[in-house]
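What follows is calculated from the coordinates using simple rules that are stated; it is not laboratory data. This is a predicted model, so every value here is computed, not measured. Counting neighbours? That spans all protein chains shown, and the Cβs are built from the backbone with ideal geometry, glycine included.
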Amino acid sequence: MRNNRHIMIAGNWKEHLTVAQASIYLNRLEEHVKTHQGIEVVLLPNVLALQPLSVQLDRRKFRLGAQDGYYMDAGAYTGEVSMAMLRELVHYVLVGHSERRHIFMEDDALASKKVQAAVRNGIMPILCVGETLQERLAGETNQILHNQIAAGLQHLTSREVGASVIAYEPVWAIGTGEYAKPEQVSKAIDFIRKQVEHLYGTRASENLRILYGGSVDDHNINAYLDIDGCDGALVGGASLNFHKFSEIVESAYRAQQKRTMRRN
Ligand code: PGA
């Protein structure tokens, strides 16, 4: 069976832009990013900006995602925003981003609960996985990826896994400008897809989208989109620059057209 996956570009704004700044920036993006069929462009602003941007945004161009969400739908969890609250506003939610794992000490068990809560609430999880530099140097990359995937996706059905997204983000490449070589990304993506096939079957592994993330910009994006099995990118720093981000989206559109032509 031939896969039918659409390329996704997701812009993770992290803890940048106030509500007012986010609105101005979205205006800029809407001027620069063209409406394209066949690819998906997702914006991940801070949680406060989600509501106003959801009203402002051109739905033909963008979808919204949250950078995080809590797994209990409601209750005495001071400071948290649940997936049940996010569901009215977003299509996607990041789970287990390396900054959550390393700064806020989130582990695989928490990631798994968040993934389940997202799916239960009709939000597609983007599960972030990736090794640290130390783990890569110790030859532990595959083991880490295996653990994060097996734990993060546990309790999902094959169909739910197929509808999910995994972002391969080597920790050493995030926000450092030191992006991973396409060969390294290709190997990791193949490994991830094989693991998913092994755990959830061929259909899930063919439908699941796998993104690369880590210092992606308008200059290196094409090398990643050329990788067989790479379905797009999770972009941090470069998503805050409308020139760079709109170039990245254009590259994704061209890559999608090539893929569609090859499939037909
Ligand atoms: P970066 O961030 O593009 O700034 O490296 C990527 C991410 O954290 O998702």
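Tell me the relative contact order for the chain as a rounded percent, counting alpha carbon contacts under 8 Å between residues six or more apart.
Values: 499 pairs, mean separation 55.1, N = 264.
21 percent.
When the Gaussian network model of the chain links Cα atoms closer than 10 Å, the mean-square fluctuations of Q51, Q134, Q67 top out at Q134.
Mean residue ellipticity at 222 nm from the helices of the chain, using -39,500 (n - 2.57) per DSSP H segment of n ≥ 4 over the full residue count, to the nearest 500 deg cm²/dmol? Working shown, then result.
Details: 12 runs with 122 residues, N = 264.
Roughly -13500 deg cm²/dmol at 222 nm, from the helical runs in the chain.
Peptides 103-112, 236-245, ordered by how many other C-beta atoms sit within 10 Å of their residues on average, highest first, read 236-245, 103-112.
Based only on other Cβ atoms within 10 Å, what is the fewest-to-most ordering of L127, L156, L133?
Details: L127 26, L156 22, L133 13.
By the 10 Å Cβ count, ascending, the order reads L133, L156, L127.
May I ask you to derive the relative contact order of the range 1-105, considering only C-alpha pairs under 8 Å and at least 6 residues apart, and to give it as an integer percent?
On the way: 137 pairs, mean separation 25.4, N = 105.
Value for the range 1-105: 24 percent.
Ignoring aspartates and glutamates fewer than eight residues from K34 along the same chain, the ones with Cα atoms less than 15 angstrom from its Cα are D58, E247, E250. When the pairs K14/K181; K114/K258; K14/K258; K61/K113; K61/K194 are compared against a 29 Å limit on Cα-Cα distance, K114/K258; K14/K258; K61/K113; K61/K194 fall above it. Packing order of peptides 256-263, 167-174, 204-211, 84-91, highest average first: 167-174, 204-211, 84-91, 256-263 (average count of other Cβ atoms within 10 Å over each peptide's residues). Rounded to the nearest 20 debye, the dipole magnitude of the chain is 940 debye, with +1 charges on Lys and Arg beta carbons, -1 on Asp and Glu beta carbons, and the Cα centre as origin.
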